[in-house]
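Report on the structure given below.
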Amino acid sequence: MDITEVPVSQEDNGKKKKNKSPKKKKKSVSNGDGVEIKEEMEKSEPPAEGESAFPPTFSVSEIKNKQRRHLMFMKFKLEKRKAKMQIKKKRKKEREALGDKAPPKEVPKTIENQRVYDETMVDPEDEEVAFDEGTDEFSAYFNGLTNPKVLITTSDRPRGRTVKFCNQLATVIPNAHVYYRRGLALKKVIPQCVARNFTYLMVINEDRKVINGLVLCHLPDGPTAHFKVSSVRIRKEMKRRGKDPTEHCPEVILNNFSTRLGHTVGRLFAALFPQDPQFVGRQVATFHNQRDFVFFRFHRYIFKNEKKVGIQELGPRFTLKLRSLQKGTFDSKFGEYEWVLKRHEMDACRRKFQL
Amino acid sequence: MQHDDVIWDLIGNRQFCSFKAKTKSQNFCRNEYNLTGQCNRSSCPLANSQYATVREEKGQCFLMMKVIERAAFPARMWEKVKLSKNYEKALEQIDECLIYWPRFIRHKCKQRFTKITQYLIRMRKLVLKRQRKLVPLSRKVEAREKRKEEKALIAAQLDNAIEKELLERLKQGTYGDIYNFPTKAFDKALEQEGEESEEEEEEEEEEEEEDDDDVGKREFVAEDEVEESDMSDFEEMNKLRTSSDEEEEDEASGSSDEEEMMETAKKSKLKSKSKGKQPAKGAAATKKKRAYVEIEYEQETEPASKSRAAS
């Protein structure tokens, strides 16, 4: 009896409950011993059924049989889920019972909440940063001395979609001109641009009919930023869009550029647009940084009353991810890089962001 | 002994040659000393004891020659002549070296030399031009980035953020006088305050009136809500009112005990109450007729029952 007891109880635990009945029948077939075994089975069943208890050192992965292991795992998961639901219900009841005195709801953890502290986060009143920004390459723009003039071009031999995108960008950014590349070297293009008083050079890189890169170069030897571009939607592909943007200068919204690097990039974007937006046009261009992705949107807004505003998306949309920031103008070989995306270092932690 | 024909017979047609590369239409020779690159009787360096080629090493062109006298010495078999960098001079050099050689070989050497110089020139030009760098993409990394971007987009809640920002700018007044909203807000706020104060006043009035009624002032007021059918009972009710006012005025008409005796009293109650509470409680309370026993004035049930018990 002792010898037979052990395998029986183990098998009981090892099988899902509904399998127990056919097993029982099988067992009961064998007479004599079978009857006694049945009794033992019954004894061992209630504890198993009552709490579906596993011996404490038992783990699902020790079962060799795949089907049985899978079943056990499903059972285990189900129980866990049930326990969780019960806890939730209990908490909800407590909350309702207490009413006003209930403790405040806990704030759920988000990646933004859990962001690793970055020592380059800019304090709004930081004097050093303010001083830096007063004397950097954008100071001329922010002091109102220069007006932005943007040259938009592509890589060699652009496809139709890229050309359309460039044209649409040119309507979004005031005072922007599109030129064909025709195989010119950027290093030669840049002095010519400077000579003609351009402040920005924007090169849209394309590969196999897909736009994938953007080089934004601030001209009188300003910083050069190289972005990876994704999710490009030109106007035709956007749902529920409005009519074409007008010639008014749009407003600019820059969100979440919090670190020092983010500040630089934000100013880079801000200097693309003229300093005095025309509010009559009711157009706004947004650069929103979230988790190192910069989302660009172009909307037209209308205030319905002082509490509600309606926005309608016009214009192209795309997302950027900063790949490198170089101090001088575009020079990939000998340039001095301020910041380069190093995937192994920077992408290792989910909660660490650069911008 | 060098029997070129025998060699060619073997490797060219019948047996195996390791340098031969066969295609559907043509045979190529992969021997590095081959002049034309094809597998022919006249181009095979193995089957010709007198042979010459032009080869290029690191941008330098050399003329290689093989003669039958050196066929027994494989180490010294090929004679290497460095050709001048000047194209014409090099051609002259070839002519000079291969004087009295078969026309075919001379011609092909010059042709090959021309080709080599041309591609060397192109290589030099290309280096000066912009070179496109091919960056390999890692599929996993790209998929991860895409996923992160989607999640970031959801977390960003762009529309809300933009709307909030615009509203903030409106509040701060960056838009100046273009929109008239701020004044409207003021008016609304004012109106709200006005309503609140009015309500408070009304409530105070009601309370005062109740107090007055408790004192027992007699008021003979024509009530607008009274229907003509009720007018006949009006005077009786007024008479009754004075007696029952004090005690039972605040009684609720909800209890069943009241039904028998106090119908008239009820009426008076109703009337008085309706007088007092008209402005607050609206028409529904005032337009009751005699027979109704309604449970609306629940607040005052207890005192009523107490007073009745006393009476």
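Readers should treat all values here as calculations from the given coordinates under stated rules, not as data from a laboratory. None of the values given here were measured: they were computed from a predicted structure. Positions of Cβ are backbone-derived with ideal geometry, glycine not excepted, and every protein chain shown enters the neighbour counts.
Data overview
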read-out: Residue order, fewest to most surrounding Cβ atoms within 10 angstrom, among A:S231, B:S138; value: B:S138, A:S231
read-out: Note, ³J(HN,Hα) from phi for segment B:82-87, Karplus 6.51, -1.76, 1.60, rounded to Hz, x at Gly and Pro; value: 7, 8, 5, 6, 6, 5
read-out: C-alpha center-to-center spacing [segment A:150-219, segment B:12-65] in angstrom; value: 50
read-out: Positive minus negative residues near A:V60 (Lys, Arg vs Asp, Glu; Cβ under 11 Å); value: +3
read-out: Other protein chain Cβ atoms within 10 Å, averaged over every residue that makes up A:287-298; value: 4
read-out: Shielding by partners, peptide B:159-165 (average Cβ within 10 angstrom, other chains); value: 6
read-out: Unsatisfied cross-links (Cα-Cα over 32 Å) in the set A:K209/B:K151; A:K164/A:K321; A:K188/A:K321; A:K228/B:K115; A:K84/A:K307; A:K149/A:K333; value: A:K228/B:K115; A:K84/A:K307
read-out: Peptide A:308-319, shielding by other chains (average Cβ, 10 Å cutoff); value: 2
read-out: Residues B:L134, A:L341, A:L254, sorted so that the one with the fewest Cβ neighbours within 10 Å comes first; value: B:L134, A:L341, A:L254
read-out: Stokes-Einstein diffusion coefficient of segment A:76-151, Kirkwood radius over Cα pairs, 20 °C, 1.002 mPa s, in µm²/s; value: 115
read-out: Cα centroid of segment A:305-355 to Cα centroid of segment A:230-299, whole Å; value: 13
read-out: Intensity falloff of segment A:109-239 expressed as log10 I(q)/I(0), Debye formula with alpha-carbon point scatterers, at q = 0.16, 0.17 Å⁻¹; value: -0.93, -0.99
read-out: Scaled radius of gyration (Cα, divided by 2.2 N^0.38 Å) that segment B:70-164 gives; value: 2.46
read-out: Percent of Cα-Cα distances greater than 24 Å, calculated over segment A:225-355; value: 39
